[in-house]
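Quick note: the coordinates plus some simple rules give every number you see, no bench work behind them. Keep in mind that what you see is a predicted model, and the values were worked out from it rather than measured. We place every Cβ from the backbone using ideal geometry, glycine too, and count neighbours over all the protein chains shown.
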Amino acid sequence: MLAGFKEFIARGNAVDLAVGVVIGAAFTDVVNALVERVLNPLVGGLFGRPNFDDTWHVTLGSGADAAVVQPLAVLTALINFLLVAAALYLLVVLPMNKLAARRREDDSEPAAPADDVRVLMEIRDLISARQPPGGASAR
């Protein structure tokens, strides 16, 4: 059992997972700051409040046992989800897509061969044109 655990740790999957969790937790603070400090105030400026939870609610019962139903809390959650998704897209997905496209451009073959390669190809073509049919060289 201990050997299996050692093999699991040595494979790197656990380390990759741990790094992903730590980076994700740290990045959560960045996304939350963007949403709570930038995007929500913009929503508040446009609609008068950044949160629709208390815009319309129904109170059932009275006193300490009263239940408050806030259907627009779902709208707030949906808007927050869209804001987080937009922040992730702008901060992670878009830059990573541009980086991947740049890497693909760098990995692609050049449009024309280099000068030395072009000259060698011309020499090869001239030699093959001088050989008689059948591939035997002339003596």
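Axis angle, to the nearest 10 degrees, between helix 94-107 and the longest C-alpha principal axis of the chain: 10 degrees.
Under the √(5λ) rule applied to the eigenvalues of the Cα gyration tensor, what semi-axes describe the equivalent ellipsoid of the range 1-88? Give them in Å, descending. Numbers along the way, then the final one.
Details: eigenvalues 343, 91, 15 Å².
Output for the range 1-88: semi-axes of 41, 21, 9 Å.
Principal-axis analysis of the Cα atoms of the chain puts helix 13-34 at an angle of about 60° to the longest axis.
When the Cα atoms of the range 37-139 are enclosed in a convex hull and the volume is divided per residue, what value in Å³ results?
Details: hull volume 23.5 nm³, N = 103.
Per-residue hull volume (Cα only) is 228 Å³.
Dipole orientation for the range 2-108: of the candidates F27, L72, V15, V15 has the Cα lying most toward the positive pole (charges on Cβ; Lys, Arg +1; Asp, Glu -1). With K and R counted +1 and D and E -1, the other residues having a Cβ less than 14 Å from that of T59 yield a net charge of -3.
Charges only on Cβ, +1 for Lys and Arg, -1 for Asp and Glu: so what's the dipole of the range 2-108 about the Cα centre, in debye to the nearest 20? Please report the intermediate quantities before stating the final value.
Details: 8 positive and 10 negative charges, 66 e Å.
The calculation lands at about 320 debye.
For the chain, the longest principal axis of the C-alpha atoms and the axis of helix 115-130 are separated by about 40°.
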